[in-house]
Amino acid sequence: MSYLSARGLVRSYGRTPALRGVNLDVEEGEIVAVTGPSGCGKSTLLHCLAGILRPDAGEVTYRGRRIDTLSEGARAALRRTEFGVLFQFGQLVAELTAAENVALPLLLAGTGRREARTAALSWLDRLGVADFADQRPGEMSGGQQQRCAVARALVTEPRVLFCDEPTGALDSLAGEQVLGHLVRLAREQRTTVVLVTHDVQVAAYGDREIMLRDGAADPTGLGTVAAQQ
Amino acid sequence: MSTPHVLLGLLVDGPKHGYDLKRAHDLKLPRAKPVAFGQVYATLGRLVRDGLVVPAGQDRDAGPDRTSYELTEEGRKALKEWIAAVEAPMPHLSSVLLAKVVVALLVGDVNQAREYLAAQRAAHTTRLRELTGVKTDPDASLSDVIAADFGIAHLDADLRWLQTTLDRVADLHREVTTR
Ligand SMILES: Nc1ncnc2c1ncn2[C@@H]1O[C@H](COP(=O)(O)OP(=O)(O)O)[C@@H](O)[C@H]1O
Ligand SMILES: [Mg+2]
(Lines give C-alpha, C1' and ligand atoms only; values in the text may rest on other atoms or scores of the structure.)
(Ligands and ions follow the chains in the order given, each with its own letter.)
Protein backbone atom coordinates (compact mmCIF):
# COMPACT_ATOMS: atom_id res chain seq x y z
CA MET A 1 0.00 0.00 0.00
CA SER A 2 1.19 3.50 -0.80
CA TYR A 3 2.34 5.97 1.80
CA LEU A 4 -0.54 8.31 1.06
CA SER A 5 -3.54 7.26 -1.03
CA ALA A 6 -6.91 8.52 -2.10
CA ARG A 7 -9.65 6.24 -3.40
CA GLY A 8 -12.80 7.49 -5.07
CA LEU A 9 -12.72 10.91 -3.41
CA VAL A 10 -15.90 12.88 -3.92
CA ARG A 11 -16.46 16.37 -2.58
CA SER A 12 -19.00 19.06 -3.45
CA TYR A 13 -19.60 22.58 -2.24
CA GLY A 14 -23.36 22.77 -2.13
CA ARG A 15 -24.35 21.78 -5.64
CA THR A 16 -20.92 22.43 -7.15
CA PRO A 17 -18.97 19.20 -7.59
CA ALA A 18 -15.25 19.75 -6.93
CA LEU A 19 -13.99 16.15 -6.80
CA ARG A 20 -15.73 13.41 -8.73
CA GLY A 21 -13.93 10.22 -7.76
CA VAL A 22 -10.21 10.95 -7.46
CA ASN A 23 -7.72 8.10 -7.08
CA LEU A 24 -4.11 8.89 -6.28
CA ASP A 25 -1.06 7.24 -4.73
CA VAL A 26 2.02 8.93 -3.33
CA GLU A 27 5.08 7.01 -2.17
CA GLU A 28 7.28 7.97 0.77
CA GLY A 29 9.86 10.61 -0.06
CA GLU A 30 8.31 11.45 -3.42
CA ILE A 31 7.71 14.97 -4.62
CA VAL A 32 4.48 14.81 -6.57
CA ALA A 33 3.07 17.71 -8.53
CA VAL A 34 -0.72 17.90 -8.86
CA THR A 35 -1.56 20.01 -11.89
CA GLY A 36 -4.57 21.08 -13.88
CA PRO A 37 -6.49 24.18 -14.90
CA SER A 38 -8.03 26.55 -12.41
CA GLY A 39 -11.17 25.11 -10.82
CA CYS A 40 -10.34 21.46 -11.57
CA GLY A 41 -10.28 20.61 -7.85
CA LYS A 42 -6.59 20.77 -6.92
CA SER A 43 -7.03 22.75 -3.70
CA THR A 44 -10.01 20.68 -2.62
CA LEU A 45 -7.99 17.51 -3.16
CA LEU A 46 -5.06 18.91 -1.18
CA HIS A 47 -7.35 19.87 1.70
CA CYS A 48 -8.88 16.40 1.76
CA LEU A 49 -5.45 14.71 1.71
CA ALA A 50 -4.19 16.94 4.52
CA GLY A 51 -7.23 16.23 6.69
CA ILE A 52 -8.42 19.84 6.55
CA LEU A 53 -11.58 18.95 4.64
CA ARG A 54 -13.62 15.80 4.88
CA PRO A 55 -14.62 14.15 1.58
CA ASP A 56 -18.32 13.35 1.02
CA ALA A 57 -17.31 9.88 -0.14
CA GLY A 58 -14.14 7.90 -0.68
CA GLU A 59 -11.12 7.21 1.49
CA VAL A 60 -7.82 8.82 2.38
CA THR A 61 -5.19 6.53 3.87
CA TYR A 62 -1.88 7.63 5.32
CA ARG A 63 0.73 5.05 6.34
CA GLY A 64 -1.85 2.31 6.24
CA ARG A 65 -4.45 4.14 8.34
CA ARG A 66 -7.66 5.79 7.22
CA ILE A 67 -7.57 9.44 8.18
CA ASP A 68 -10.75 10.83 6.61
CA THR A 69 -12.83 9.12 9.28
CA LEU A 70 -10.79 10.49 12.20
CA SER A 71 -12.36 13.04 14.53
CA GLU A 72 -11.65 16.73 14.00
CA GLY A 73 -9.32 16.66 17.03
CA ALA A 74 -7.38 13.65 15.79
CA ARG A 75 -6.98 15.22 12.34
CA ALA A 76 -5.81 18.47 13.93
CA ALA A 77 -3.21 16.54 15.89
CA LEU A 78 -2.04 14.85 12.70
CA ARG A 79 -1.69 18.23 11.01
CA ARG A 80 0.36 19.53 13.93
CA THR A 81 2.74 16.61 14.18
CA GLU A 82 3.02 14.77 10.86
CA PHE A 83 1.90 17.23 8.19
CA GLY A 84 3.06 20.66 7.13
CA VAL A 85 1.12 23.04 4.91
CA LEU A 86 2.27 25.89 2.74
CA PHE A 87 -0.16 28.21 0.97
CA GLN A 88 0.28 30.94 -1.60
CA PHE A 89 0.73 33.73 0.95
CA GLY A 90 -0.57 35.28 4.11
CA GLN A 91 0.46 32.51 6.45
CA LEU A 92 2.81 34.57 8.59
CA VAL A 93 1.48 36.46 11.60
CA ALA A 94 2.05 40.14 10.83
CA GLU A 95 2.72 41.14 14.46
CA LEU A 96 5.45 38.55 15.01
CA THR A 97 9.05 38.58 13.80
CA ALA A 98 10.29 35.99 11.33
CA ALA A 99 11.93 33.96 14.11
CA GLU A 100 8.76 34.13 16.26
CA ASN A 101 6.66 33.01 13.28
CA VAL A 102 8.90 30.03 12.61
CA ALA A 103 9.05 29.12 16.31
CA LEU A 104 5.27 29.25 16.67
CA PRO A 105 4.42 25.66 15.62
CA LEU A 106 7.04 24.36 18.06
CA LEU A 107 5.70 26.49 20.92
CA LEU A 108 2.18 25.23 20.18
CA ALA A 109 3.54 21.68 20.33
CA GLY A 110 5.00 22.37 23.78
CA THR A 111 8.67 22.96 22.97
CA GLY A 112 10.49 25.36 25.34
CA ARG A 113 11.05 28.99 24.25
CA ARG A 114 14.82 28.84 24.01
CA GLU A 115 14.87 25.57 22.11
CA ALA A 116 12.12 26.78 19.74
CA ARG A 117 14.05 29.97 18.99
CA THR A 118 17.27 28.06 18.30
CA ALA A 119 15.47 25.73 15.89
CA ALA A 120 13.73 28.68 14.22
CA LEU A 121 17.04 30.48 13.66
CA SER A 122 18.60 27.37 12.21
CA TRP A 123 15.71 26.90 9.77
CA LEU A 124 15.78 30.55 8.73
CA ASP A 125 19.47 30.08 8.04
CA ARG A 126 18.86 27.00 5.91
CA LEU A 127 16.45 29.06 3.84
CA GLY A 128 18.92 31.90 3.44
CA VAL A 129 16.87 34.42 5.44
CA ALA A 130 18.71 34.38 8.77
CA ASP A 131 19.32 38.13 8.41
CA PHE A 132 15.59 38.77 8.75
CA ALA A 133 15.10 36.83 11.98
CA ASP A 134 14.04 39.92 13.93
CA GLN A 135 12.09 41.64 11.17
CA ARG A 136 8.35 41.51 10.79
CA PRO A 137 6.79 40.13 7.57
CA GLY A 138 5.91 43.65 6.42
CA GLU A 139 9.62 44.49 6.31
CA MET A 140 10.46 41.60 3.97
CA SER A 141 9.95 40.99 0.24
CA GLY A 142 7.37 38.46 -0.91
CA GLY A 143 10.07 35.89 -1.63
CA GLN A 144 11.70 36.35 1.78
CA GLN A 145 8.32 36.02 3.49
CA GLN A 146 7.59 32.84 1.60
CA ARG A 147 10.97 31.40 2.56
CA CYS A 148 10.05 32.10 6.19
CA ALA A 149 6.76 30.30 5.56
CA VAL A 150 8.73 27.30 4.24
CA ALA A 151 10.87 27.40 7.40
CA ARG A 152 7.71 27.49 9.47
CA ALA A 153 6.22 24.55 7.58
CA LEU A 154 9.38 22.47 7.97
CA VAL A 155 10.41 23.39 11.54
CA THR A 156 8.32 20.57 12.99
CA GLU A 157 10.00 18.17 10.54
CA PRO A 158 6.74 16.91 9.07
CA ARG A 159 6.63 13.65 7.16
CA VAL A 160 4.40 15.13 4.48
CA LEU A 161 4.41 18.69 3.23
CA PHE A 162 1.31 19.92 1.38
CA CYS A 163 1.87 22.98 -0.80
CA ASP A 164 -0.88 24.89 -2.60
CA GLU A 165 0.52 27.22 -5.31
CA PRO A 166 3.42 28.10 -2.98
CA THR A 167 4.97 30.55 -5.45
CA GLY A 168 1.79 31.80 -7.07
CA ALA A 169 2.28 35.31 -5.74
CA LEU A 170 5.99 35.63 -6.56
CA ASP A 171 7.98 36.70 -9.60
CA SER A 172 9.88 33.91 -11.30
CA LEU A 173 13.31 34.38 -9.71
CA ALA A 174 11.90 34.69 -6.18
CA GLY A 175 9.70 31.66 -6.86
CA GLU A 176 12.67 29.70 -8.10
CA GLN A 177 14.56 30.40 -4.88
CA VAL A 178 11.64 29.29 -2.74
CA LEU A 179 11.19 26.08 -4.75
CA GLY A 180 14.92 25.38 -4.94
CA HIS A 181 15.21 25.55 -1.14
CA LEU A 182 11.99 23.65 -0.58
CA VAL A 183 12.92 20.75 -2.85
CA ARG A 184 16.51 20.52 -1.56
CA LEU A 185 15.41 20.48 2.09
CA ALA A 186 12.57 18.03 1.43
CA ARG A 187 15.05 15.64 -0.17
CA GLU A 188 17.50 16.02 2.70
CA GLN A 189 14.76 15.24 5.23
CA ARG A 190 13.07 12.63 3.02
CA THR A 191 9.88 14.63 3.36
CA THR A 192 7.08 13.57 1.04
CA VAL A 193 5.73 16.58 -0.84
CA VAL A 194 2.40 17.13 -2.57
CA LEU A 195 2.80 20.24 -4.67
CA VAL A 196 -0.35 21.73 -6.16
CA THR A 197 0.19 24.11 -9.06
CA HIS A 198 -1.29 25.22 -12.36
CA ASP A 199 2.19 26.26 -13.57
CA VAL A 200 4.16 23.72 -15.63
CA GLN A 201 7.46 25.27 -14.59
CA VAL A 202 6.61 24.79 -10.92
CA ALA A 203 5.37 21.24 -11.54
CA ALA A 204 8.75 20.43 -13.10
CA TYR A 205 10.31 20.55 -9.62
CA GLY A 206 8.43 17.35 -8.83
CA ASP A 207 9.50 13.78 -9.58
CA ARG A 208 6.16 13.06 -11.13
CA GLU A 209 2.98 14.79 -12.19
CA ILE A 210 -0.63 13.88 -11.50
CA MET A 211 -3.01 15.70 -13.82
CA LEU A 212 -6.49 16.62 -12.62
CA ARG A 213 -9.35 17.45 -14.92
CA ASP A 214 -12.89 18.36 -13.90
CA GLY A 215 -12.49 16.79 -10.49
CA ALA A 216 -10.87 13.51 -11.56
CA ALA A 217 -7.37 12.25 -12.36
CA ASP A 218 -6.49 12.37 -16.05
CA PRO A 219 -3.67 9.84 -16.51
CA THR A 220 -3.61 10.07 -20.33
CA GLY A 221 -3.61 13.86 -20.42
CA LEU A 222 -6.22 13.73 -23.18
CA GLY A 223 -8.47 16.06 -21.24
CA THR A 224 -11.60 13.95 -21.30
CA VAL A 225 -12.07 11.85 -18.20
CA ALA A 226 -14.90 9.76 -16.97
CA ALA A 227 -15.40 10.05 -13.21
CA GLN A 228 -14.22 6.87 -11.54
CA GLN A 229 -15.57 5.44 -8.37
CA MET B 1 23.05 28.61 -37.98
CA SER B 2 25.17 30.03 -35.22
CA THR B 3 28.02 27.47 -35.13
CA PRO B 4 30.53 29.68 -37.02
CA HIS B 5 30.00 32.52 -34.59
CA VAL B 6 30.10 30.29 -31.55
CA LEU B 7 33.46 28.99 -32.76
CA LEU B 8 34.66 32.57 -33.27
CA GLY B 9 33.54 33.35 -29.74
CA LEU B 10 35.44 30.38 -28.36
CA LEU B 11 38.63 31.71 -30.00
CA VAL B 12 38.38 35.10 -28.26
CA ASP B 13 40.64 34.07 -25.39
CA GLY B 14 43.35 32.56 -27.60
CA PRO B 15 44.10 30.02 -30.37
CA LYS B 16 42.60 26.53 -30.15
CA HIS B 17 42.68 23.23 -32.01
CA GLY B 18 39.59 21.89 -33.74
CA TYR B 19 39.32 19.25 -31.04
CA ASP B 20 39.42 21.82 -28.23
CA LEU B 21 36.78 23.84 -30.06
CA LYS B 22 34.43 20.88 -30.26
CA ARG B 23 34.88 20.17 -26.57
CA ALA B 24 34.45 23.79 -25.54
CA HIS B 25 31.35 24.11 -27.75
CA ASP B 26 29.64 21.10 -26.17
CA LEU B 27 30.63 22.21 -22.69
CA LYS B 28 29.47 25.82 -23.03
CA LEU B 29 26.23 24.95 -24.80
CA PRO B 30 25.15 21.77 -23.07
CA ARG B 31 21.57 22.23 -24.26
CA ALA B 32 22.50 22.51 -27.94
CA LYS B 33 23.11 19.52 -30.15
CA PRO B 34 26.75 18.41 -29.86
CA VAL B 35 28.69 19.64 -32.88
CA ALA B 36 30.34 16.97 -35.07
CA PHE B 37 34.11 17.06 -35.69
CA GLY B 38 33.47 17.17 -39.43
CA GLN B 39 31.33 20.25 -38.95
CA VAL B 40 34.00 21.96 -36.87
CA TYR B 41 36.66 21.43 -39.55
CA ALA B 42 34.34 22.39 -42.39
CA THR B 43 33.33 25.53 -40.51
CA LEU B 44 36.95 26.42 -39.73
CA GLY B 45 37.73 25.99 -43.43
CA ARG B 46 35.06 28.51 -44.35
CA LEU B 47 36.15 30.92 -41.62
CA VAL B 48 39.74 30.76 -42.96
CA ARG B 49 38.47 31.36 -46.49
CA ASP B 50 36.53 34.41 -45.29
CA GLY B 51 39.56 35.73 -43.41
CA LEU B 52 37.89 35.53 -39.99
CA VAL B 53 40.42 33.08 -38.55
CA VAL B 54 43.95 32.06 -39.54
CA PRO B 55 45.94 28.90 -38.85
CA ALA B 56 48.29 29.65 -35.97
CA GLY B 57 50.85 26.86 -35.98
CA GLN B 58 50.87 23.11 -35.86
CA ASP B 59 52.03 20.51 -33.40
CA ARG B 60 54.95 18.22 -34.27
CA ASP B 61 52.84 15.31 -35.52
CA ALA B 62 51.11 17.68 -37.87
CA GLY B 63 47.74 16.58 -39.21
CA PRO B 64 44.71 18.68 -40.01
CA ASP B 65 43.37 18.06 -36.50
CA ARG B 66 46.55 19.39 -34.86
CA THR B 67 46.37 22.81 -36.45
CA SER B 68 45.38 25.56 -34.09
CA TYR B 69 43.36 28.55 -35.21
CA GLU B 70 43.40 32.18 -34.22
CA LEU B 71 40.84 34.96 -34.51
CA THR B 72 41.65 37.81 -36.93
CA GLU B 73 40.63 41.47 -36.51
CA GLU B 74 37.98 40.82 -39.18
CA GLY B 75 36.81 37.87 -37.13
CA ARG B 76 36.45 39.97 -34.01
CA LYS B 77 34.44 42.53 -35.94
CA ALA B 78 32.15 39.87 -37.45
CA LEU B 79 31.58 38.42 -33.98
CA LYS B 80 30.62 41.81 -32.54
CA GLU B 81 28.17 42.42 -35.38
CA TRP B 82 26.59 39.01 -34.99
CA ILE B 83 26.04 39.53 -31.27
CA ALA B 84 24.45 42.93 -31.90
CA ALA B 85 22.06 41.69 -34.63
CA VAL B 86 18.54 40.98 -33.36
CA GLU B 87 17.12 37.66 -34.59
CA ALA B 88 13.81 37.51 -36.42
CA PRO B 89 11.36 36.58 -33.65
CA MET B 90 10.21 33.38 -35.31
CA PRO B 91 9.24 30.21 -33.56
CA HIS B 92 11.61 27.39 -34.40
CA LEU B 93 10.78 23.99 -32.98
CA SER B 94 7.11 24.83 -32.48
CA SER B 95 6.62 25.09 -36.24
CA VAL B 96 7.15 21.31 -36.48
CA LEU B 97 4.63 20.73 -33.70
CA LEU B 98 2.16 22.96 -35.49
CA ALA B 99 2.73 21.22 -38.81
CA LYS B 100 1.98 17.81 -37.31
CA VAL B 101 -1.26 18.91 -35.72
CA VAL B 102 -2.41 20.75 -38.83
CA VAL B 103 -1.64 17.73 -40.99
CA ALA B 104 -3.40 15.34 -38.59
CA LEU B 105 -6.49 17.57 -38.71
CA LEU B 106 -6.25 17.84 -42.49
CA VAL B 107 -6.30 14.08 -42.67
CA GLY B 108 -9.36 14.31 -40.46
CA ASP B 109 -7.91 12.18 -37.70
CA VAL B 110 -8.91 14.08 -34.57
CA ASN B 111 -7.94 11.19 -32.34
CA GLN B 112 -4.45 10.98 -33.74
CA ALA B 113 -4.03 14.70 -33.26
CA ARG B 114 -5.04 14.35 -29.61
CA GLU B 115 -2.79 11.40 -29.01
CA TYR B 116 0.13 13.16 -30.63
CA LEU B 117 -0.51 16.28 -28.56
CA ALA B 118 -0.74 14.33 -25.30
CA ALA B 119 2.44 12.37 -26.09
CA GLN B 120 4.29 15.54 -27.11
CA ARG B 121 3.11 17.22 -23.94
CA ALA B 122 4.47 14.31 -21.88
CA ALA B 123 7.84 14.47 -23.68
CA HIS B 124 8.06 18.23 -23.17
CA THR B 125 7.19 17.82 -19.49
CA THR B 126 9.94 15.23 -19.03
CA ARG B 127 12.47 17.52 -20.68
CA LEU B 128 11.29 20.43 -18.55
CA ARG B 129 11.88 18.34 -15.44
CA GLU B 130 15.40 17.44 -16.61
CA LEU B 131 16.30 21.06 -17.26
CA THR B 132 14.87 22.07 -13.88
CA GLY B 133 17.14 19.41 -12.38
CA VAL B 134 20.15 20.96 -14.14
CA LYS B 135 19.22 24.33 -12.72
CA THR B 136 18.78 23.14 -9.13
CA ASP B 137 22.02 21.14 -9.11
CA PRO B 138 24.21 22.90 -6.51
CA ASP B 139 27.20 22.49 -8.85
CA ALA B 140 25.50 24.27 -11.75
CA SER B 141 27.48 27.22 -13.12
CA LEU B 142 25.84 30.47 -14.17
CA SER B 143 26.07 29.45 -17.83
CA ASP B 144 24.45 26.08 -17.03
CA VAL B 145 21.60 27.92 -15.30
CA ILE B 146 20.98 30.46 -18.03
CA ALA B 147 21.17 27.78 -20.73
CA ALA B 148 18.63 25.71 -18.77
CA ASP B 149 16.42 28.81 -18.34
CA PHE B 150 16.48 29.35 -22.09
CA GLY B 151 15.32 25.80 -22.74
CA ILE B 152 12.71 26.03 -19.97
CA ALA B 153 11.19 29.25 -21.28
CA HIS B 154 10.79 27.78 -24.76
CA LEU B 155 9.37 24.51 -23.49
CA ASP B 156 6.97 26.49 -21.33
CA ALA B 157 5.72 28.40 -24.39
CA ASP B 158 5.30 25.17 -26.36
CA LEU B 159 3.52 23.53 -23.43
CA ARG B 160 1.00 26.35 -23.15
CA TRP B 161 0.22 26.00 -26.83
CA LEU B 162 0.07 22.18 -26.60
CA GLN B 163 -2.39 22.37 -23.69
CA THR B 164 -4.62 24.98 -25.34
CA THR B 165 -4.60 23.00 -28.57
CA LEU B 166 -5.40 19.82 -26.69
CA ASP B 167 -8.40 21.59 -25.12
CA ARG B 168 -9.55 22.90 -28.49
CA VAL B 169 -9.13 19.53 -30.17
CA ALA B 170 -10.95 17.83 -27.28
CA ASP B 171 -13.90 20.17 -27.93
CA LEU B 172 -13.74 19.31 -31.61
CA HIS B 173 -13.54 15.62 -30.70
CA ARG B 174 -16.68 15.90 -28.56
CA GLU B 175 -18.49 17.64 -31.41
CA VAL B 176 -17.43 15.02 -33.93
CA THR B 177 -18.25 12.04 -31.74
CA THR B 178 -21.61 13.25 -30.45
CA ARG B 179 -22.93 14.39 -33.80
N1 LIG C 1 -15.52 27.30 -0.66
C2 LIG C 1 -16.12 27.02 -1.83
N3 LIG C 1 -17.43 27.23 -2.02
C4 LIG C 1 -18.04 26.94 -3.19
N5 LIG C 1 -17.40 26.42 -4.26
C6 LIG C 1 -16.09 26.18 -4.14
C7 LIG C 1 -15.37 26.48 -2.93
N8 LIG C 1 -14.08 26.14 -3.12
C9 LIG C 1 -13.99 25.65 -4.38
N10 LIG C 1 -15.18 25.68 -4.99
C11 LIG C 1 -15.46 25.21 -6.37
O12 LIG C 1 -15.01 23.87 -6.47
C13 LIG C 1 -14.34 23.65 -7.70
C14 LIG C 1 -12.90 23.22 -7.45
O15 LIG C 1 -12.21 24.29 -6.80
P16 LIG C 1 -10.71 24.19 -6.28
O17 LIG C 1 -10.54 22.93 -5.54
O18 LIG C 1 -10.40 25.46 -5.58
O19 LIG C 1 -9.92 24.09 -7.67
P20 LIG C 1 -8.44 24.58 -8.06
O21 LIG C 1 -7.63 24.64 -6.81
O22 LIG C 1 -7.97 23.55 -9.02
O23 LIG C 1 -8.59 25.89 -8.73
C24 LIG C 1 -14.48 24.95 -8.48
O25 LIG C 1 -15.59 24.85 -9.31
C26 LIG C 1 -14.69 25.98 -7.40
O27 LIG C 1 -15.42 27.06 -7.89
MG1 LIG D 1 -6.54 26.25 -5.92
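Rounded to the nearest 20 debye, what is the charge dipole size of chain A about its Cα centre when +1 sits on each Lys and Arg Cβ and -1 on each Asp and Glu Cβ? Let's see the in-between values first.
Working: 25 positive and 27 negative charges, 135 e Å.
That gives a dipole near 640 debye.
Just to confirm the number: angle between the C-alpha axis of helix A:172-189 and the first principal axis of chain A, 0 to 90 degrees, nearest 10?
90
Please report, in cubic angstrom per residue, the volume enclosed by the convex hull of the alpha-carbon atoms of region B:3-84.
On the way: hull volume 7.1 nm³, N = 82.
Output value, Cα hull per residue: 86 Å³.
Would you mind checking B:K22/B:K80; A:K42/B:K28; B:K80/B:K100 for any pair whose Cα atoms are more than 28 angstrom apart?
Where the Cα-Cα span goes over 28 Å, the pairs concerned are A:K42/B:K28; B:K80/B:K100.
Please list, in chain and number order, the residues 5+ apart from B:K16 or on another chain whose amide H is under 5 Å from its amide H, with Hs placed from the backbone.
Excluding prolines and chain starts, which carry no amide H, the hits are B:Y69.
As a test, work out the antiparallel percent of DSSP beta bridges whose residues both lie in the protein assembly as shown, rounded to the nearest 5.
In the protein assembly as shown, DSSP labels about 60 percent of beta bridges as antiparallel.
Specify the residue with the greatest mean-square fluctuation among A:G215, A:G73, A:G21, computed from a Gaussian network of chain A linking alpha-carbon atoms under 10 Å apart.
Checking each option, the largest mean-square fluctuation is seen for A:G73.
Sorted by accessible area (1.4 Å probe), largest first, how do A:M140, A:M211 line up?
Putting A:M140, A:M211 in descending order of accessible area: A:M211, A:M140.
Percent relative contact order of chain A, based on C-alpha pairs within less than 8 angstrom and at least six residues apart?
The normalised contact order for chain A reaches 31 percent.
Mind jotting down the distance between the C-alpha centroids of region A:183-227 and region A:107-121, whole Å?
Their Cα centres are 33 Å away from one another.
For region B:96-178, count the residues as N, evaluate 2.2 N^0.38 Å, and divide the Cα radius of gyration by that value, please.
Region B:96-178 yields a ratio of 1.36.
Semi-axes of the equivalent ellipsoid for region A:49-155, please: Cα gyration tensor eigenvalues, times 5, square-rooted, ordered largest first, whole Å.
Values: eigenvalues 173, 46, 24 Å².
Over the Cα atoms of region A:49-155, the semi-axes work out to 29, 15, 11 Å.
Would you please classify the overall shape of the protein assembly as shown from the alpha carbon gyration tensor, given that a ≥ b ≥ c denote the square roots of the eigenvalues, rounded means a/c under 1.5, and beyond that prolate means a/b larger than b/c while oblate covers the rest? Walk me through the numbers before you get to the answer.
Numbers: a/c = 2.90, a/b = 1.52, b/c = 1.91.
Since a/c reaches 1.5 but b/c is at least a/b, the shape of the protein assembly as shown is classed as oblate.
Kindly express, to the nearest 10 degrees and within the range 0 to 90, the angle between helix A:142-154's C-alpha long axis and the longest C-alpha principal axis of chain A.
80
Can you compute the charge dipole magnitude of the protein assembly as shown about its Cα centre, using +1 on each Lys and Arg Cβ and -1 on each Asp and Glu Cβ, nothing else charged? Give it in debye, rounded to the nearest 20.
Here the protein assembly as shown has a charge dipole of around 800 debye.
Would you tell me the accessible area of A:F87, worked out with a 1.4 angstrom probe on the heavy atoms of the protein chains, in Å² to the nearest 10?
The accessible area of A:F87 comes to roughly 60 Å².
For A:203-209, what's the mean count of beta carbons from other chains sitting within 10 Å of each residue's beta carbon?
So the per-residue partner count for this stretch is 5.
Under a 5 Å amide H to amide H cut-off, with H placed in plane at 1.01 Å, what residues pair with A:E30 once short-range neighbours are removed?
A:V193
Among B:A157, B:L105, B:A122, whose Cα sits farthest toward the positive end of the charge dipole of region B:96-178 (+1 at Cβ of Lys/Arg, -1 at Cβ of Asp/Glu, about the Cα centre)?
Of B:A157, B:L105, B:A122, it is B:L105.
Measure of size requested: the Rg and Dmax of region A:17-92, with Cα atoms as the atom set and Å as the unit; please supply both.
12.8, 34
The values are calculated or read from the model by the stated rules, or taken from the named source; none is laboratory data. No experiment lies behind these values; they were computed from the predicted model shown. Reconstructed Cβ throughout: ideal geometry from the backbone, glycine too, with neighbour counts over all protein chains shown. Remember, those area values only see protein heavy atoms, side chains included, never the ligands or the DNA or RNA. Shrake-Rupley method; radii C 1.70, N 1.55, O 1.52, S 1.80 Å.
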